[in-house]
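Chemist: Take this structure, written in structure tokens, and hold onto it; I'll ask about it next.
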Amino acid sequence: MEKDGKIIAFCCAESAYRAADRAGRLRIRYPDNVRVIRIPCAGRVSVLHILKAFEKGAAGVLVMGCQEGACRHLTGNIRAKERVKYAKDLLKEVGINGQRVKMVNFGPDMAQKFAREIEEMAEKIKEE
Amino acid sequence: MARPFRETLKTKDFIVTAEAGPGKGSNIAKLVEHIELLKDRVDGLNVTDNQSAVMRYPSLGTCLLIKEHGGEPVLQITCRDRNRLAIQADLLFAYSRGINNVLCLTGDAIDTGDHKEAKPVFDLDSVQLIHLVHTLNSGKDMVGNELDGGVDFCIGASATPSADPIEPQLLKFQKKLDAGMDFIQTQAVYDMDELKRFMENFHKMDNIDGVKILAGIVPIWGAKMARYMNENVPGIYVPQYLIDEIDQAPKGTKAAKGIEMTGRLIRQIKEEKICDGVHVMAIGREERVPAILEAAGI
Amino acid sequence: MIIAARKPLEEIRNMLAGYKRILVVGCGTCVTICWAGGEKEVGILSSQLRLASSKDGNELSVMEAVVERQCEKEMVIEELGDKVQEVEAILSMGCGAGVQTMAELFEEKPIFPALNTTFIGMPEKEGLWLEMCGACGDCFLDRTGGICPVVRCAKGLLNGPCGGTRKGGKCEIDPEKDCAWVLIYRRLEKQGRLALMRKYYEPKNYRAVKRPGKIEALEA
């Protein structure tokens, strides 16, 4: 995997995507090797989506949903959390560090947090 | 030559049996030592059958050794390692060499032992095994063929007074009694009230005439051992007050304390006539059994 | 239904060593329900195989397919048709019956089982499957209040329980598992039919099904 490999960020439209948007408007800087994919809910991300992202060359995947208790679809973010856990094990089986996939919870105005998470993942990728 | 166990059961007031546990390997020196030590101190000497599902020198072979040394063996047979053909064959052989007493057991699970990938047999269970021995005793094999040379076994089985829940165990116990028992050797008991309750239940059951109950006695030599048994050994439960008592004994006196505690237990059973005797299972410490019996006043 | 679980990835990869073009075939019936070998699982395993191969620098092309019921020859042929021609080996995510049906239909292709078929069972709750039936061919459930002693008793006793029952009615082998005979006792007690457990049961006929089993039946 390349040292500046791409990060795929699946962002829930209600929270993380709005935070990403806000980060853009506030011109908060973060690494540019990230592709933001807007989804209606974190629960829409399947385990296979995560694996396919890696298959297509991603070096890290972030699943970004609402804070627990705030999911518009009630448990989408909980399901996402479980799937990310499962995906970690599947990646480990393949010999890929489970830390390359992460579940993060957001409120819609957490622009700084968005930038930080991207930076952290980019660091992790560089480390290996 | 030792007195036939069947006779002893009928006539003696307080019966004592003990156990010789074979080791792993063809070296029988220690086994012979234990046999020599115990054969004249007890009415019957049991030999375990791959105890705890750990592969060992066989029960049948050890019973032969006991015979050779003039003792009275009790052959323990489990259903875990042999099917109905092998069991019948072994019983014919045993009888032909003067081994007349058999303890019919289901057997500890494979997982308890050291050959964890072995195939468990359990072609029969303990109740079916008891019936089988009766069938052989009547001169036929399991499928009705006449035997050329019969057998006449004295039949024993086990019971678990400390089972929780107790009701299913009592149903099973009744089935064993229905099949016809000569003696019962229970799993380890420590609580005399529990043993008394068990005996009360026993006296309310059917088909109890002439059946002798020997309370199982497993000495404890330390708190760690007792806790280990509670966690890992099926059917054994050592109460906290006894664990505390052995724990409080200073280092270096544990053996003596264990002997004293075990002796006390046996003495109480004998003096209060709680049941017909005891079966002492010293598991690896057979050499301490004579001291235990002495402490018990036997 | 038949319950199976996927083998560890390493074991599967070892089976496939040296093959460059494979077909992964799932089954749409039992193994889909128990999350072992359905369409999703085919997708996941195929993805893992590709990722692992590319990491090792090995070539591996993985085709994916799912047969409605892998143990039915017609369905297999209909679904897989010519796909098998294009590959060197087949990785089946079906149960043992599915693997062997395909092995027979495609005799020249090596076929590997991705699953370990484990038992006949049912879902106790989502994600938890328990063994219920041992396919012994001599059903005893009428006598035990509907609880199978052959597979739910660790020793398969017909006159249980054994003396190893742990406190609280748990099994000698596993303190997390219930002693089947304690369960049977409680069930029969509820129904007022404890007489059934009081009865002596003769040794089981272990030759009720002579393996390999075979049944011929007529359609009504």
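Chemist: For B:GLU200 paired with A:GLU127, estimate the spin-label separation in nm (one decimal), with each label point 7 Å from Cα along the Cα-to-Cβ line.
Modeler: Each label point is offset 7 Å from its Cα along the Cβ direction, giving 6.6 nm.
Chemist: Can you put B:ASP247, B:ASP152 in order, fewest other beta carbons within 10 Å first? Before the final figure, lay out each step's value.
Modeler: Numbers: B:ASP247 16, B:ASP152 12.
Going from sparsest to densest Cβ surroundings: B:ASP152, B:ASP247.
Chemist: Note down the relative contact order for the range B:129-256 as a percent, whole number, built from C-alpha pairs under 8 angstrom at least six residues apart.
Modeler: 21
Chemist: Please state the relative contact order of chain B as a whole percent: Cα pairs under 8 Å, 6+ residues apart?
Modeler: Numbers: 541 pairs, mean separation 51.5, N = 298.
17 percent.
Chemist: With viscosity set to 1.567 mPa s and temperature to 4 °C, compute the Stokes-Einstein D of the range B:76-184, Rh being the Kirkwood radius across alpha carbon pairs; µm²/s, no decimals.
Modeler: Numbers: Rh = 14.7 Å.
So the translational diffusion coefficient is about 88 µm²/s.
Chemist: Given +1 on the Cβ of Lys and Arg, -1 on the Cβ of Asp and Glu, and no further charges, what dipole in debye does chain B carry about its Cα centre, rounded to the nearest 20? The partial results should precede the final answer.
Modeler: Details: 35 positive and 43 negative charges, 88 e Å.
Dipole of chain B, to the nearest 20 debye: 420 debye.
Chemist: In peptide C:151-158, how many Cβ atoms from other protein chains are near each Cβ within 10 Å, on average?
Modeler: Numbers: counts 0, 0, 2, 5, 11, 6, 9, 5.
Counting other chains' Cβ atoms within 10 Å and averaging over C:151-158 gives 5.
Chemist: Once the Cα gyration tensor of the range A:7-123 is diagonalised, what are the square roots of 5 times its eigenvalues, in whole Å and ordered largest first, as equivalent ellipsoid semi-axes? Working shown, then result.
Modeler: On the way: eigenvalues 90, 62, 22 Å².
Sorted largest first and rounded, they come to 21, 18, 10 Å.
Chemist: Work out the mean other chain Cβ neighbour count within 10 Å for the residues of C:48-55 and drop it here as an integer. Spell out each step's value before the answer.
Modeler: Numbers: counts 8, 1, 5, 10, 4, 1, 5, 5.
For this peptide, the per-residue mean of nearby foreign Cβ atoms is 5.
Chemist: Taking the 0 to 90 degree range and rounding to the nearest ten, how far is the long axis of helix B:167-179 tilted relative to the main principal axis of chain B, both from C-alpha atoms?
Modeler: It works out to around 40 degrees.
Chemist: For A:LYS92, list the aspartates and glutamates whose Cα falls under 13 Å from its own Cα; do not include residues on the same chain fewer than 8 positions away.
Modeler: Result set, ordered by chain and number: C:GLU10.
Chemist: Which lysines, if any, have their Cα less than 18 Å from the Cα of B:LYS24, not counting same-chain residues under 8 positions apart?
Modeler: Of all the lysines, those that pass the test against B:LYS24 - Cα under 18 Å, at least 8 places apart if same chain - are B:LYS116.
Chemist: Turning to a different aspect of this structure: When the Karplus curve 6.51 cos²θ - 1.76 cosθ + 1.60 is applied with θ = phi - 60°, which whole-Hz ³J(HN,Hα) does each residue of the range B:31-36 get, with x for Gly and Pro?
Modeler: Karplus values, whole Hz, x for Gly and Pro: 4, 4, 4, 5, 4, 4.
Chemist: Treating only the Cβ of Lys, Arg, Asp and Glu as charged (+1, +1, -1, -1), what charge dipole size does the range B:1-144 show about its Cα centre? Round to the nearest 20 debye.
Modeler: Values: 17 positive and 19 negative charges, 52 e Å.
Once rounded to the nearest 20, the dipole reads 240 debye.
Chemist: Here is a follow-up. Of C:PHE112, C:GLY163, C:MET132, which is farthest along the charge dipole of the range C:112-164 in the positive direction, counting Lys and Arg as +1 and Asp and Glu as -1 at C-beta?
Modeler: C:GLY163
Chemist: Still on this structure: Using only Cα atoms, locate the centre of the range A:49-128 and the centre of the range B:121-166, then give the distance between them in Å, rounded to an integer.
Modeler: Taking the Cα centre of each part, the range A:49-128 and the range B:121-166 sit 63 Å apart.
Chemist: Okay, next question. Compute log10 of I(q)/I(0) for the protein assembly as shown with the Debye formula, placing one identical point scatterer on every Cα and leaving out solvent, at q = 0.09 Å⁻¹, to two decimals.
Modeler: Summing over Cα pairs of the protein assembly as shown leads to -0.89.
Chemist: Right, here's the next one. Cross-link list C:LYS40/C:LYS73; B:LYS273/C:LYS170; A:LYS52/C:LYS83; C:LYS170/C:LYS214; A:LYS81/C:LYS125: which exceed 29 angstrom alpha carbon to alpha carbon? Show your work: numbers first, answer last.
Modeler: Details: C:LYS40/C:LYS73 23 Å; B:LYS273/C:LYS170 33 Å; A:LYS52/C:LYS83 23 Å; C:LYS170/C:LYS214 36 Å; A:LYS81/C:LYS125 20 Å.
Long pairs (Cα-Cα over 29 Å): B:LYS273/C:LYS170; C:LYS170/C:LYS214.
Chemist: Between helix C:96-105 and chain C, what is the angle of the helix's C-alpha long axis to the longest principal axis, kept within 0 to 90° and rounded to the nearest 10?
Modeler: 40
Chemist: What is the distance, in nm, between label points placed 7 Å from the Cα along the Cα-to-Cβ direction at C:GLN85 and at B:LYS140?
Modeler: Placing both labels 7 Å along Cα→Cβ, they lie 6.7 nm apart.
Chemist: Over every pair of different alpha-carbon atoms in the range C:45-114, take the mean of 1/r and invert it; report that Kirkwood radius in Å. Please report the intermediate quantities before stating the final value.
Modeler: Values: mean 1/r = 0.0786 Å⁻¹.
Here the Kirkwood hydrodynamic radius works out to 12.7 Å.
Chemist: To the nearest 10 degrees, how steeply does helix B:59-68 sit against the main Cα axis of chain B, on a 0 to 90 scale?
Modeler: 90
Chemist: Take the alpha carbon atoms of the range B:22-61, find their center, do the same for the range C:37-52, and report the distance between the two centers in whole angstrom.
Modeler: Using only Cα atoms to place each centre, the spacing works out to 55 Å.
Chemist: So if I restrict to the alpha-carbon atoms in the range B:126-198, what is the Rg, and what is Dmax, the biggest pairwise distance, in Å?
Modeler: Rg and Dmax of the range B:126-198, Cα atoms, are 15.2, 48 Å.
Chemist: Right, here's the next one. Over its Cα atoms, what ratio of radius of gyration to 2.2 N^0.38 Å does the range C:1-160 give?
Modeler: Working: Rg = 17.9 Å, N = 160, 2.2 N^0.38 = 15.1 Å.
That ratio works out to 1.18.
Chemist: Something else: Give the calculated FRET efficiency between A:GLN99 and C:GLU107 to the nearest 0.05, with a Förster radius of 41 Å applied to their Cβ-Cβ distance. It would help to have the intermediate numbers written out before the result.
Modeler: Values: r = 46 Å, r/R0 = 1.11.
That pair, A:GLN99 with C:GLU107, gives E of 0.35.
Chemist: In addition: Translational diffusion coefficient of the range A:76-128 at 10 °C, 1.306 mPa s, Stokes-Einstein with Kirkwood Rh over Cα pairs, in µm²/s as a whole number.
Modeler: Diffusion coefficient, whole number: 129 µm²/s.
Chemist: Can you pull the mean other chain C-beta count within 10 Å for peptide C:198-207?
Modeler: Details: counts 5, 3, 9, 4, 5, 12, 5, 0, 3, 0.
Per residue, the number of nearby Cβ atoms from other chains is 5 on average.
Chemist: Another question, then. Determine one quarter of the surface area of the Cα convex hull of the range C:128-191, which equals its mean projected area, and express it in nm² to one decimal.
Modeler: Working: hull surface 18.6 nm².
Average of the hull's projected areas for the range C:128-191 equals 4.7 nm².
Chemist: Something else: For the range A:1-75, take the convex hull of the Cα atoms, compute a quarter of its surface area, and give me that in nm², please. Before the final figure, lay out the partial values.
Modeler: Numbers: hull surface 21.2 nm².
In nm², the orientation-averaged hull projection of the range A:1-75 is 5.3.
Chemist: Using 7 Å Cα-to-Cβ label points, what is the A:SER46/A:ASP109 separation (nm, one decimal)?
Modeler: Inter-label distance under the simple model: 3.8 nm.
Chemist: Which residue, chosen from C:SER53, C:VAL84, C:GLY145, occupies the Cα position most advanced towards the positive end of the dipole of the protein assembly as shown, where the dipole is computed from +1 (Lys, Arg) and -1 (Asp, Glu) charges on Cβ about the Cα centre?
Modeler: C:SER53
Chemist: State, as an integer percentage, the relative contact order of the range A:7-123 based on alpha-carbon contacts under 8 Å between residues 6 or more apart.
Modeler: Values: 207 pairs, mean separation 45.8, N = 117.
That works out to 39 percent.
Chemist: One quarter of the convex hull surface, Cα atoms only: what value does that give for chain B in nm²? Write down the numbers at each step before the final one.
Modeler: Working: hull surface 60.7 nm².
For chain B, averaging the hull's shadow over all directions gives 15.2 nm².
Chemist: Can you give the local net charge around B:ARG56? Use residues other than it whose beta-carbon is closer than 9 angstrom to its beta-carbon, Lys and Arg +1, Asp and Glu -1.
Modeler: Working: positive: B:LYS24; negative: B:ASP49.
Residues close to B:ARG56 contribute a combined charge of 0.
Chemist: Based on DSSP, what percent of beta bridges with both residues in the range B:1-158 are antiparallel, to the nearest 5? All intermediate terms of the calculation are to be shown ahead of the outcome.
Modeler: On the way: 1 of 16 bridges.
So the antiparallel bridges amount to about 5 percent of the total.
Chemist: Please work out the Cα center distance from the range B:273-298 to the range B:252-269, rounded to the nearest Å.
Modeler: 9
Chemist: Run the dipole for chain A about the Cα centre, Lys and Arg Cβ at +1, Asp and Glu Cβ at -1, nothing else charged, and hand back the magnitude in debye, nearest 20.
Modeler: So the dipole magnitude of chain A works out to roughly 320 debye.
Chemist: Same structure, new question: Quick check on my link table: of B:LYS196/C:LYS199; B:LYS140/C:LYS210; B:LYS12/B:LYS39; B:LYS10/B:LYS196, which ones sit more than 19 Å apart, alpha carbon to alpha carbon? Please report the intermediate quantities before stating the final value.
Modeler: Values: B:LYS196/C:LYS199 27 Å; B:LYS140/C:LYS210 27 Å; B:LYS12/B:LYS39 17 Å; B:LYS10/B:LYS196 22 Å.
Pairs exceeding the cut-off: B:LYS196/C:LYS199; B:LYS140/C:LYS210; B:LYS10/B:LYS196.
Values in this text are rule-based calculations from the coordinates and carry no lab data. All values reported here derive from a predicted model rather than from experimental measurement. Because the Cβ atoms are built from the backbone with ideal geometry, glycine has one as well, and the counts that use them run over all protein chains shown.
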